[in-house]
Structure formats: C-alpha cells, structure tokens
Amino acid sequence: MLKGIHHVTAMTSSAEKIYDFFTYTLGIRLVKKTVNQDDIRTYHLFFADDVGSPGTDMTFFDFPNNPKGSHGTNELRRTAFRVPTDEALVYWKERFTRLHVVHEEISEQFGKKVLNFYDFDQQHYQLISDEKNNGVAAGTPWQLGPIPLKYAITGLGPITIAVANIDGFSNILQNVFKMTPTAQEGNAKLFTMGEGGNGAQVIALHEPVAPAGRQGYGTIHHVAFRVDSKDDLAQWQQRLESFGYTTSGFVDRFFFGALYVRPTRHLLFEISTDGPGFIGDEPYETLGEKLSLPPFLEAQREQIESMVRPIDTVRSTKVFEKQ
C-alpha cells in the first residue's frame, strides 16, 4: 500500500529565484543542490523539512529554454504544504501581503482551513492547516529558518490533480493505486492512502471542458508516492504491469529508489522509497550548500560544474531573524 505523498517535482524559470522564494519567503530548507540525473546540464533543487524527511520534499528543475506552461485540465495542478494550526494561516496571509506574494483568502476544503498562493511563475500552491488532522505525521520545521516554529511549514499536503474524465481517473486511483474515496465537494473528490490525513491525500478535480494544461515552467512535472523499500517497488511494478501499464522499472536515484508510470497519457506518477535520504553524503549543518552528485556522476563533476552556473546557497554562516 502507498503510505502517502513522497515528493512533488515542478519546473521553474529560475533556480536562483525559486531558491530565494523557498528559503526566504516560505522558510523551507534546501536539503540538496544537485543536477537532473537525466539531463546533467540542469539543476535539481530539493526543498524539504529540517532533516529532509520523506513526505516533506518539493523539488525543481530549471530546464534550459523551457517554455512557460499553462494550467488546464489533465494536469497536476496544485502542491499543498502543511502548517500546524488555523492560526498559522493568518500569520501566512499577513506575511504574503507584506512580501507581495499573490494569494487568495483563507477558505475551507474538506473540513480543513486552506490558503492558496502563487509564485513568480504562477505555480499553484496551498497551505493547509493540520489543526483537525489525523494520519501521517508531519515533518520537522526548519529550525534555523526565518519562520517562527509554531507557524512553519512541516511537509506536503494533498496534491490536486485536474482531469477531464473523473470517473476513469477515480477508477485508476481506487482500483490500480489502492486509494480510498472518502469525500466529495462540488467538482472535487478526495482520495486517501496509508494512514490518511493531509500527508496522504489526492484531490481529483473534475474539469471536463477546460483546455488541456501544457507542461513548462510554472507547472508540476510529476508527483511521487511513498513506500518503504525496493521490494515494495518490485511489487508495485508487477502490479502496474499486470494492469497493462508500462513502467520505468527500478531507477536508483541514490537518495531514494524510484519507479515511474503514466496512469494516463498526460500525467506522470512516481513511487519512491523513504530511504536512504539526504543526509548520507552531507553534514546536517551544511545540507544543500555544495553541489551534491550521486556516485555514478561523481567522475563527471568537473564537466558538470563547468555546465551549471554557480548558485550561492550557503546559509550556515547566516542568522535568520524569525518574523
């Protein structure tokens, strides 16, 4: 069974700007600065909780000459982040107003308070309150970041997916991926996996007449779901292929193992292992400050460093004033 959301990977127009936005505005820690293992010219930045826990991680590619994406149906639409309380949403609304971050009003979704907001690429995000939440445990807020710990982001919330064929997609989530439909509000249907709660939910949004979304910067590339081990990935590969899906087979991402599949023609899902994690090759104190390469790319370090521009991600020498 899938345990919950593992990570979300999106595309940005600027690695530098997304680093600043996540670090200084959202207070989410950069835990790994590496390259896209399938395109070593491209940065792959990993933002997560204080110790890089699975289920807390949003990552970004900045593909060269990538066009701007457009939002529409049949797309991974919105990434949610968990905060501890309803009161935290009030703090974040005031912070977004002060820092000129585009946002909506605090609202309610499936019994939880939420706050939608957007970055410089019009990437869609949401903060969701854990005040009434049960299920998958939250992560650890970035201890030395700029956000007071009682308000800080602690991990990923539900992923919202817009689809034209809600019945077909619901069938895939329920019968192939073993998710349980638990609620419906208007054109949105809530699915739960594992222990449930904010960290283990998918929201399927029925948009039958909207234009199709188009991938590019400002949109999500794929979403990953959590399992424990490589053996679990093998079982999922067998299961998915028994339904007629073509999978990637096991892919060693060094920080975790992965299995990729397209549940529909437009969407990319990944199933990822919880370990080994992000701390094995760097000290906790300086996570994300140097270019980290998996062992199978280390021999190409000189070439890679000549292709990717330097980005200053040193934070261990700085003191953030919490505000």
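The values are calculated or read from the model by the stated rules, or taken from the named source; none is laboratory data. Worth saying up front: this structure is predicted, and the values here are computed from it rather than measured. All Cβ positions, even for glycine, are placed from backbone atoms using ideal geometry, and neighbour counts span all protein chains on display.
At least 2 residues being under 23 Å from Ile153 (Cα atoms) is the threshold, and among the strands (runs of 3 or more DSSP E) wholly inside segment 184-275 those reaching it are 188-192, 201-206, 220-227. Asp252 meets each of the listed conditions (1) within 17 Å of Pro54 (Cβ to Cβ); (2) surrounded by 15 or more Cβ atoms within 10 Å (Cβ to Cβ); (3) of a type outside the set (S, T, N, Q) apart from (2).
Within segment 118-146, take every residue that is part of a strand (DSSP E or B) and touching a residue at least 24 places away in the same chain (Cβ under 8 Å) and give me the one that is farthest from His100 (Cα to Cα). The selected residue is Ser129. Listed by first and then second residue, the pairs linking a residue in segment 1-18 that is free of Cβ contacts under 8 Å to residues at least 40 places away in the same chain to a residue that is among the hydroxyl-bearing types (Ser, Thr, Tyr), with Cβ atoms under 6 Å apart and 6 or more places separating them unless they lie on different chains, form an empty list.
Conditions (1) closer than 30 Å to Ile166 by Cα; (2) at pLDDT below 95, marked per residue:
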residue: Gly213; (1), (2): yes, no
residue: Arg239; (1), (2): yes, no
residue: Phe278; (1), (2): no, yes
residue: Asp281; (1), (2): no, yes
residue: Thr286; (1), (2): no, no
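So is Ala164 at pLDDT below 95 and surrounded by fewer than 19 Cβ atoms within 10 Å (Cβ to Cβ) or not? So Ala164 does not fit the description; no.
Please go through segment 43-73 and give me each residue that is among the polar types (S, T, N, Q), farther than 20 Å from His124 by Cβ and either at pLDDT 95 or above or buried (at least 19 other Cβ atoms within 10 Å of the Cβ) (or both), ordered by number.
The initial filter retains those residues of segment 43-73 that are among the polar types (S, T, N, Q), namely 53, 56, 59, 65-66, 70, 73.
If we keep only those that are farther than 20 Å from His124 by Cβ as well, we get 53, 65.
Ser53, the sole residue that qualifies.
Quick one: which of Gly213, Gly155, Gly218, Gly139 is surrounded by 15 or more Cβ atoms within 10 Å (Cβ to Cβ), touching a His at 6+ places or on another chain (Cβ under 7 Å) and not charged (D, E, K, R)? Sole residue among the options that is surrounded by 15 or more Cβ atoms within 10 Å (Cβ to Cβ), touching a His at 6+ places or on another chain (Cβ under 7 Å) and not charged (D, E, K, R): Gly213.
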